Amino acid sequence: MPEAGNAAREAILRRIRKANAEADAGAIAYAEIERGYQQAAELNATMLVELFMERLREYDAQVHEAETTNVTEMFANVLTANGMKGALVAQGFPRQWLPKGFAWNAEASADTSAMNRAAGAVVVCEVAIAHTGSIVVKGSRRLTLLPDRLLCVVREEQIVETVPEAFARLEASAKDALTLISGPSATADIEMTRIRGVHGPRFLDVVIVRS
Amino acid sequence: MSIRVGNAADAPPFPQAAPALLDDAQLRKNVRHATDVITRKRALVVGEQKDWQALRSSASAIKAHTLRYLDDYLVQFEKACTAAGGRVHWAADADEANRIIVGLVRQYGGREVIKVKTMTSDEIGLNKALEAEGIHPHETDLADMIIQLGKDQPSHIVVPALHKNRQQVREIFMRTMGLKELGDRPEDLTAAARQYLREKFLRVKIGVSGANFLIAETGGVCVVESEGNGRMCLTLPDVLITVAGIEKVIPRFRDLEVFLQLLPRSATGERMNPYNSLWTGVKLGEGPQEFHVVLLDNGRTGILADAEGRQTLHCIRCGACLNTCPVYRQTGGHAYGSIYAGPIGAILTPQLFDMEHAESLPYASSLCGACYEVCPVKINIPEVLIHLRGRAVRERQSDASEEAVAMKTMAQIFADRRSFEAAQRLGRLGQWPFVRDGWIRRLPGMLGNWTAVRDLQPLPKQTFRSWWREREHKREKERRDA
């Protein structure tokens, strides 16, 4: 690190210590921070999934329900309905869920420009949040961004009700690249009119697999 | 050290800047529409969040705690980020931050950078510093693009171009993108931006971002956005440079569970914004392989030293106070002369300057308290405004000024019951030439400053104290008589 950088570092830290002494900021322990907000779930399993689906739909996401026995069928339907002949597949995605008759290419095999040309991507999530209609994807940051349609599989047991529950589950992945996705990319920068699909995928399909 | 907050040091005082903006009917219409829509959406999603007040309290407590141990948390962040492959730089002021960033861009041989919306880079004037070195910054947030291409100034923290309507945006895009045809529906304009930027996202090798949160525990960074332009800049380039104010650090990963519930609901009236990106240092084969964080002071430690003012540093830049402010809603953001407009700007800008500039801003408020009520981190903005008005007066005023002498005399009179009551008697006698129909509408001399903007009720015939004394006398007499 250059000398000047060190000088600034020391100066800033010194000023912070002096400022805290001047302002006579009392001690506030981290453990004593009150957390009176809702942390635990209150809904039963059925209501939880209902809420998650409702919130997703409000973001203009397409929601599909499947059983473990017919996930492949569901996938085939979604692709066919959207005129897709295949998609890029995220690392770690269960191959047995992919229907035959489509071109599936691995994430690792695609460079940025191939991803940019791809019609769609299929991924799994780490956890999903019903309260906010969000899915959290670990890694695969370019894959969930460049293709125009993102298909995400959410297993029922991955859905939690609250944001704090999700962060508790994510604790082990805290240092990984995580993306919270809530609906397709959107903007309201022009006259506050919400427009779907600016730079990210214009379409988000979520397949919920009931256990 | 030289503090810079955009061009605020050279901006005219608020009372001088506001009238022209108040005459701009189109601007006022645009601002009113945008703030109405966000305010309505916010009210809905805040109303449904049953634990909203508890979340606000926790957020405020986390921020207060973090500021108290800011030195430790910054060092912890630096250590964790460095261990994860990032490089941390410290900048005492705007120029130092710009020097570091320009130096990095040159070191990597970049002639262009793609930028995610960052108010901090506007604060330090980064674009100007890059351009001076022949480096072209591309703003990629739709609103920031409108501002950059239209050579305009941001007027809102979250929606910087809310003062422009669709026709105005269409005109800017057609002119600067060289388009022969373009519709004026927001869909058309958004599609034009997508097409214009996609090639740049794929080509430009250096990204510049701000940060919503720096996580001390993990060394991670969180960026909150909607369009996906942020994710493009954060993941596609080879090099990423993040500039963040030192107050952006939070202690732990789990603290995001509080802020990520408060920020989107407050900022855009959404339960969650479309994209939140979290990353830590460098991951082999995933995202930028060179990552730098520039930690910026630029006046923040000065604010930290002020016991009343330091809560300003809780701010998470949601913009809710702007949308609800009756002053901002009339003038829009440009009247504030700073990239930080509205109530938060009125306390942040002058404090960053240690009250050397922008000292008219604490007066650009009716003190109605709406900003405090909507603030997701409970910054008592009216309290800080009054505190800063006090500072401005104390620092501006010499002891010999007419006002200072008057105030000192008044303080002496008010301190003693007899002289106070004598003054009231004098006032009652002296006021009669000015009373018309039960109101005083014009006073002479220095007192005229008061009546120039508001009418005054005359002193009543009897004060409460004298009424009470009379009443007690009467009772005493009645008791004696009985």
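The values are calculated or read from the model by the stated rules, or taken from the named source; none is laboratory data. Keep in mind it's a predicted model, so treat the numbers as computed, not measured. So basically every Cβ, Gly included, is an ideal-geometry build from the backbone, and we count neighbours across all protein chains shown.
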Test of understanding: among B:PRO154, B:PRO160, which residue is more than 11 Å from chain A (Cβ to nearest Cβ) and crowded, with 24+ Cβ neighbours inside 10 Å?
B:PRO154
What's the total number of residues in the stretch A:168-192 that are more than 7 Å from chain B (Cβ to nearest Cβ) and of a type in the set (Ser, Thr, Tyr)?
1
Residue hits (the stretch A:103-150; in a strand (DSSP E or B), under 18 Å from A:GLY83 (Cα atoms) and more than 12 Å from chain B (Cβ to nearest Cβ)) are A:ALA103, A:TRP104, A:ASN105, A:GLY120, A:ALA121, A:VAL122, A:ARG149
Output the residues belonging to the stretch B:1-30 that are of a type in the set (Gly, Ala, Ser) and surrounded by fewer than 16 Cβ atoms within 10 Å (Cβ to Cβ).
B:SER2, B:ALA20, B:ALA25
Of all residues being free of Cβ contacts under 8 Å to residues at least 24 places away in the same chain and in contact with a helix residue (DSSP H, G or I) (Cβ under 7 Å, 6 or more places away or on another chain) in the stretch B:244-296, which is nearest to B:LEU70 (Cα to Cα)? Just the residue, please.
B:ARG254
So, in the stretch B:31-44, of the ones that are buried (at least 18 other Cβ atoms within 10 Å of the Cβ) and within 10 Å of chain A (Cβ to nearest Cβ), which residue ends up nearest to B:LYS164 (Cα to Cα)?
B:ALA34
Options B:LEU21, B:LEU55, B:LEU27: the member that is closer than 19 Å to A:HIS131 by Cβ, part of a helix (DSSP H, G or I) and in contact (Cβ under 8 Å) with a residue 60 or more places away in the chain:
B:LEU55
Working only within the stretch B:103-117, note down all residues that are surrounded by fewer than 24 Cβ atoms within 10 Å (Cβ to Cβ) and in a loop (DSSP other than H, G, I, E, B).
B:TYR108, B:GLY109, B:GLY110, B:ARG111
Counted residues, the stretch B:259-286 - those being in contact with a strand residue (DSSP E or B) (Cβ under 9 Å, 6 or more places away or on another chain), at the interface with another protein chain (Cβ under 7 Å from one of its Cβ atoms) and part of a helix (DSSP H, G or I):
1
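For every residue, the table says whether it meets (1) more than 30 Å from A:GLU58 (Cα to Cα); (2) of a type in the set (A, V, I, L, M, F, W, C); (3) over 20 Å from the mean Cα position of the chain (by Cα).
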{"site": "B:ARG28", "(1), (2), (3)": "yes, no, no"}
{"site": "B:THR35", "(1), (2), (3)": "no, no, no"}
{"site": "B:VAL46", "(1), (2), (3)": "no, yes, yes"}
{"site": "B:LYS50", "(1), (2), (3)": "no, no, yes"}
{"site": "B:SER58", "(1), (2), (3)": "no, no, yes"}
{"site": "B:LEU67", "(1), (2), (3)": "yes, yes, no"}
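Okay, residues lined up against (1) under 23 Å from the mean Cα position of the chain (by Cα); (2) over 30 Å from A:VAL153 (Cβ atoms); (3) within 12 Å of another protein chain (Cβ to nearest Cβ):
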residue	(1), (2), (3)
A:ALA45	yes, no, no
A:TYR59	yes, no, yes
A:VAL78	yes, no, no
A:GLY83	no, no, no
A:GLY101	no, no, no
Within the stretch A:1-14, does at least one residue satisfy the condition of being surrounded by 15 or more Cβ atoms within 10 Å (Cβ to Cβ) and at pLDDT below 95?
yes
So which residues in the stretch B:118-138 are within 14 Å of chain A (Cβ to nearest Cβ) and either at positive phi or surrounded by fewer than 24 Cβ atoms within 10 Å (Cβ to Cβ) (or both), if there are any at all?
B:HIS138
So which pairs qualify, if the first residue must be in the stretch A:190-211 and over 29 Å from A:ALA66 (Cβ atoms), the second must be at pLDDT below 85, the Cβ gap must be under 9 Å, and the two must be at least 6 apart or on different chains?
A:ILE195/A:ASP189; A:VAL198/A:ASP189
